[in-house]
Amino acid sequence: MGGLPILLRQLGLLFLWLADSLAAPEAVTAKCDYTQIEIREECPNRSGLDWEAYGEALYRARSQTFLGDSDAALRGIHELLTVATTPFHRAFECPPAVASTYFSLAQILGFQGRLRRAAAIIQMGFVFIRDKGFSECTPWPMQGWDMLLAGRNVAHKVRELDAQAVDLRAPRHVRFEKSKMAVVTVCAYAEEEPVRLLSIGNHELYTQLHGYDLHMFTSPTQILPHAAGGMDVNDGKHKAFFWKVNAVRNVFDMDANYDWVLWADCDAFFMDPERTLDSIIHMYTSNTSSPTVPPRQMDGAPDWEEGAMLAAAIAQDRTPVELLVAVDSTGINNGVWLMRNSDWSKKFLDRWWHSDILQGAGENHNCSDQSTMQHQLLQDNAMRLDALWDSVEGPIWPPEVRVVAQEHLQSFHQATAMTVASREWVDGDFIRHHPGCHYYKEPCQQLYLQAATIFEDKVRALVQRQSLNQ
């Protein structure tokens with residue numbers, strides 16, 4: 001029922017927009033004539049890949065579906081995508097071409113019922129949508145809104161499957177004895193900026209409530225280079241949103257020897273004072289197996305017995321969970337995540353920092369902290385087309401990773417939730433995050449104040465209840 005009011009509000013905004021359009025006939029919308037878009041100009045050939053010829057090949061591969069041969073279409077599109085993403089940074093030469101190829105591949109996978117892989121592929125495609133934004137007037141076989149809705153729908157189906165492994169029995173306030181946890185944030189805005197002042201207060205209050213440590217970095221000078229990981233926030237290569245990687249790597253090496261660390265962006269506000277990090281970790285790590293489905297007959301997949309044996313092997317996998325991330329309709333939003341202090345985590349942070357896609361056409365692409373994180377976790381597995389694996393809906397994320405429902409890690413303020421067709425924060429959700437809201441704009445500052453005030457009111461009410469019960 002929670003999604004219905006949001007949908008109705010979205011429809012209401014759409015009707016208002018239509019009414020305004022009809023009431024103002026003098027406002028002329030530019031016509032879409034994508035024949036005037038020169039692919040050679042939009043996607044210059046820097047690495048030897050002819051993107052105009054690529055587009056023609058993509059249309060030919062897609063056409064196999066309409067000839068009744070979806071497997072041939074799948075193979076053709078997959079081969080094209082392999083060329084475009086090898087090396088991966090080449091793909092940033094022509095983001096709309098690559099995004100439409102990912103989307104085309106995801107469509108066929110979804111048609112074949114391979115939902116986990118379809119979700120992973122479409123989420124990788126959004127790496128290139130984030131870089132250039134949606135375009136509804138394009139010569140490429142993709143419309144931004146169609147891709148967004150497809151991402152939302154397939155993510156919803158995968159979440160229904162993942163939910164079978166979530167243990168909801170632990171109380172929200174559970175705190176496990178001897179567990180050492182910390183919250184890490186970089187908030188290097190000017191001292192008087194509302195987001196900095198309000199975030200510091202919010203994060204301090206939450207960590208004090210539960211006995212967690214807080215490491216709040218307010219200047220890059222406080223983030224020391226990490227020699228073993230080869231990290232330095234002043235290297236001139238990594239943008240400010242990469243500082244989180246260096247900061248968390250440093251905190252892992254502290255004498256406190258934390259078990260888990262929560263990363264939270266400066267504009268991510270705790271909203272539920274009773275919810276502990278322990279409860280979320282328990283929900284998503286106590287069951288290390290990944291849910292599957294009974295084997296389905298699929299072209300290229302062996303018989304039912306092999307599928308059943310594979311499903312049993314996946315169920316018996318006891319790889320420890322090391323990383324908890326939230327995924328919205330467009331893929332990872334790494335404004336909030338939980339990571340175990342382990343060798344796997346340290347090596348992952350090192351690979352993330354040294355991602356090889358930050359070169360060539362990919363050197364300065366937008367949201368590079370998110371694309372590099374997702375690339376490290378998802379790209380290779382997503383591109384490994386395995387009919388047997390998909391016949392039981394085997395997991396595509398590494399076994400060390402669990403995808404957390406947004407309400408348990410981070411849901412969004414209204415504008416971003418509507419923009420990316422994802423969960424809008426409602427009372428009871430753990431953290432409200434404000435991606436896409438510019439910290440220097442007054443409406444965003446009001447949202448930060450609202451979030452901080454809601455949390456403080458809840459803390460006062462909680463303290464009063466506890467005093468009455470003593």
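Taking the chain as the reference, fit the longest principal axis to its C-alpha atoms, fit the long axis of helix 3-23 to the helix C-alpha atoms, and give the angle between the two in degrees, 0 to 90, nearest 10.
Tilt relative to the chain: about 60 degrees.
For S342 and A415, what does the FRET efficiency come to when R0 = 35 Å and r is the distance between their Cβ atoms, rounded to the nearest 0.05?
Plugging the Cβ-Cβ distance into 1/(1 + (r/R0)^6) gives 0.45.
Please give the contour-minus-distance gain from R40 to Q222: 0.36 nm per residue of separation, less the Cα-Cα distance, rounded to one decimal in nm.
That works out to 61.0 nm of additional length.
Explain nothing, just the number: relative contact order of the stretch 337-463, from Cα pairs under 8 Å at least 6 residues apart, as a whole percent.
Once divided by the residue count of the stretch 337-463, the mean separation gives 14 percent.
Using the charge dipole of the chain (Lys, Arg: +1 at Cβ; Asp, Glu: -1 at Cβ; taken about the Cα centre), state which of T319, H375, H438 has its Cα farthest towards the positive end.
T319
Where a ≥ b ≥ c are the square roots of the eigenvalues of the C-alpha gyration tensor, would you call the stretch 320-470 rounded, which needs a/c under 1.5, or, failing that, prolate if a/b is larger than b/c, or oblate?
prolate
Please report the net charge: other residues with Cβ closer than 12 Å to the Cβ of G360, K and R +1, D and E -1.
Residues close to G360 contribute a combined charge of -1.
Using +1 at the C-beta of Lys and Arg and -1 at the C-beta of Asp and Glu, which of F126, V233, G201 has the Cα lying farthest in the positive direction of the dipole of the stretch 110-238?
Looking along the dipole axis, the top candidate is F126.
Calculate the length of the line joining the C-alpha centroid of the stretch 346-362 to that of the stretch 317-345, in whole Å.
17
Measuring from a point 7 Å past the Cα of H210 along Cα-to-C-beta, which residues in the stretch 229-262 have an amide N at less than 17 Å?
Label zone hits: 258-262.
Nothing charged except the Cβ atoms of Lys and Arg (+1) and of Asp and Glu (-1): what's the magnitude of the dipole of the chain about its Cα centre? Round to the nearest 20 debye.
The dipole of the chain has a size of about 660 debye.
Output the antiparallel fraction of DSSP beta bridges having both residues in the chain, as a percent to the nearest 5.
Beta bridges within the chain, antiparallel portion: roughly 45 percent.
Take every Cα pair under 8 Å in the stretch 299-380 that's 6+ residues apart, average their separations, divide by the length, and report that relative contact order as a whole percent.
In percent, rounded to a whole number, it is 21.
Which distance in nm do the two modelled labels at L468 and T319 give, with both placed 7 Å along the Cα-to-Cβ direction?
Spacing of the two 7 Å Cα→Cβ label points: 4.9 nm.
Placing +1 at every Lys and Arg Cβ and -1 at every Asp and Glu Cβ, with all other atoms neutral, what dipole size does the stretch 63-173 have around its Cα centre, in debye to the nearest 20?
420
So in the stretch 164-281, what percent of DSSP beta bridges are antiparallel if you round to the nearest 5?
Restricted to the stretch 164-281, the bridges split so that about 10 percent are antiparallel.
If you build the Cα gyration tensor of the chain and take the root of 5 times each eigenvalue, what three semi-axes come out, in whole angstrom, biggest first?
With the √(5λ) rule applied to the chain, the semi-axes are 37, 28, 24 Å.
Can you give the accessible area of T453, probe radius 1.4 Å, in Å² rounded to 10?
60
Could you tell me which of rounded, prolate or oblate describes the stretch 257-390, using a ≥ b ≥ c as the square roots of the eigenvalues of the alpha-carbon gyration tensor, with rounded for a/c under 1.5 and, failing that, prolate when a/b is larger than b/c and oblate otherwise?
In terms of gyration-tensor shape, oblate.
Accessible area of the chain with a 1.4 Å probe: how many percent of it is carbon plus sulfur?
Carbon with sulfur: 54 percent of the solvent-accessible area.
Kindly rank 167-176, 274-283 from highest to lowest mean number of other beta carbons found within 10 Å of each residue.
Taking the mean over residues of other Cβ atoms within 10 Å, the ranking is 274-283, 167-176.
If one takes the longest principal axis of the Cα atoms in the chain, at what angle in degrees, from 0 to 90 and to the nearest 10, does the Cα axis of helix 70-84 lie?
Helix 70-84 sits at roughly 70 degrees to that axis.
Kindly report the accessible area of the chain per residue (heavy atoms of protein chains, probe 1.4 Å, no ligands, DNA or RNA), in Å².
On a per-residue basis, 47 Å².
The values are calculated or read from the model by the stated rules, or taken from the named source; none is laboratory data. Bear in mind the structure is a predicted one, so any value in this text is a computation, not a measurement. FYI the Cβ positions are ideal-geometry reconstructions off the backbone, even for glycines, and counts take in every protein chain you see. Side chains included, ligands, DNA and RNA excluded: accessible areas come from the protein's heavy atoms. Shrake-Rupley method; radii C 1.70, N 1.55, O 1.52, S 1.80 Å.
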